[in-house]
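The values are calculated or read from the model by the stated rules, or taken from the named source; none is laboratory data. Predicted, not measured: the structure shown is a model, and the values here were computed from it. For neighbour counting, all protein chains shown are included, and Cβ atoms are generated from backbone atoms with ideal geometry for every residue, glycine included. Ligands, DNA and RNA are stripped out before the accessible areas are found, and what is left, the full protein with its side chains, is counted by its heavy atoms. Shrake-Rupley method; radii C 1.70, N 1.55, O 1.52, S 1.80 Å.
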Amino acid sequence: MPINLQNISLFPEQPEDFNTGTNQVFSEAWAKKYLQKLAEQDDQVEALNHSGIATEIATTLMQTLRTTSVQAWAKTEALLSQEVIRHQIDAQLIDPWAVTKDAHQIYQTALSAYAQQIPPPKFSTWIARDLGHIRQKYIANDPRVIGFISMQFHYSGQMLLNLTPLAQQPLLSAYFKVIDDHLYMPLQRAYQAAAQHAYDAPPLQAVQQLLPLCSEIAANIVKQVMQLYPDYYCYTGRLDDTNIQISSVRDTEMFQVYLWVCILENNISAVQQELFPLCVMLYPRLKVRWELVRQLIHLLGIEIRSRLEPQQAAYFVPYYESLWAMFSPQLLPDGKL
């Protein structure tokens, strides 16, 4: 029986308990990033509003959600099951039924937003808190668990996109990117850290200057890496494959957000406790060489220095140098993990 999406009310009139001030400014600035790549699709969005095709696509995809969630978990487990033993992660912290249920509910919400043509920036602000809670729930006892959660959600989104007509995939993928961003990146932690600063605090201003450039910086870095490694293959294919480029840009954005958190919190714990363990667990399984990661970090340093005044870039230096040291070839030689 088709789902009447017009009757689904997943978005309240006003978000409850949503922090105001610096927190809201910071989160809204991140949300606005989703408009950048959709500007040229205004005509397509208008056509969708009149044709009803978005509602039809969403209805069809919702009917596949249960199967998609189960299949995505099977892929996640095949990729990472050995890492539970290898990294001595408590298996009790990873409940496949809870994970697939969370993925099902979040993607149902995303498909409803897409069907109702709620813009991705607005969807981002509405769903951020729910995704933040999901992320916090799974990293509370062991931050490495987020690797399983993020891969489950990522595979779910990829499977749903593969079932979507090609012409509609770019628009729908913008909603799925919101989900990926909030699970892979400590965005809620960044928002909360930003809220502890005065609006005109120099560290916050340095981060805010880079925030709208995050995707541009990531795309530039990935383009340069592809030129440096034209024949590079990872777990799912060539580095220049479209889906791998998207994942590479997201990972490069992730490194930037972790640096922002370090600056705003004035300590390196986010990288030490979350980013580094996550990379050590995931990248060898995805056949991403440490040489490539170090090249990414090197290029990120160049981008930061080129886009900030020296006094602003200085806030990044201690955390960037710590990040660089963690991924040194002495600690992470290729072929050893």
Taking the simple approach of a point 7 Å from Cα along Cα-to-Cβ for both I85 and E321, what is their distance in nm? 4.2
Compute the FRET efficiency between K137 and H298 as 1/(1 + (r/R0)^6), taking r as their Cβ-Cβ distance and R0 = 45 Å, and round to the nearest 0.05. 0.85
Along principal axes, Cα extents of region 126-180, largest first, whole Å: 41, 23, 10
Rg followed by Dmax, in Å, when the chain is reduced to its Cα trace: 19.7, 61
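Could you tell me what fraction of 2.2 N^0.38 Å the Cα radius of gyration of region 68-202 comes to, as a two-decimal ratio? Mind showing how you got there, number by number?
Numbers: Rg = 16.0 Å, N = 135, 2.2 N^0.38 = 14.2 Å.
Relative to the 2.2 N^0.38 Å estimate, region 68-202 comes out at 1.13.
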Residue separation times 0.36 nm, minus the C-alpha to C-alpha distance between L163 and L213: what's the value? 14.8 nm
Along the Cα-to-C-beta direction of K32, a point sits 7 Å from the Cα; which residues of region 153-196 have their amide N less than 15 Å from that point? none
Long pairs among K33/K223; K75/K122; K32/K75, criterion Cα-Cα beyond 28 Å: K75/K122; K32/K75
Quick one: Debye curve from the alpha-carbon atoms of region 144-274 only, equal weights, vacuum; give me log10 I(q)/I(0) at q = 0.10, 0.12, 0.19, 0.22 Å⁻¹ to two decimals. -0.38, -0.55, -1.19, -1.37
How far apart, in nanometres, would the label points at R305 and D240 be if each is projected 7 angstrom from Cα along the Cα-to-Cβ direction? 2.9
For the peptides 278-284, 256-262, 159-165, what is the packing order when you average, over each peptide's residues, the other Cβ atoms within 10 Å and list the highest mean first? 256-262, 278-284, 159-165
Shape box of region 213-323 [Cα atoms, principal axes, largest first, Å]: 40, 28, 19
Projected-area mean, region 292-337, by convex hull of Cα positions, square nanometres: 3.2
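Stokes-Einstein at 20 °C, 1.002 mPa s, Kirkwood radius from Cα pairs: D for region 169-245 in µm² s⁻¹?
Details: Rh = 15.1 Å.
Translational D for this selection: 142 µm²/s.
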With a probe of 1.4 Å, find how much accessible area region 99-140 has per residue, and write the answer as a whole number in Å². 35
Residues in region 252-279 near a label at R289, defined as backbone nitrogen under 20 Å from the 7 Å Cα→Cβ point? 252, 279
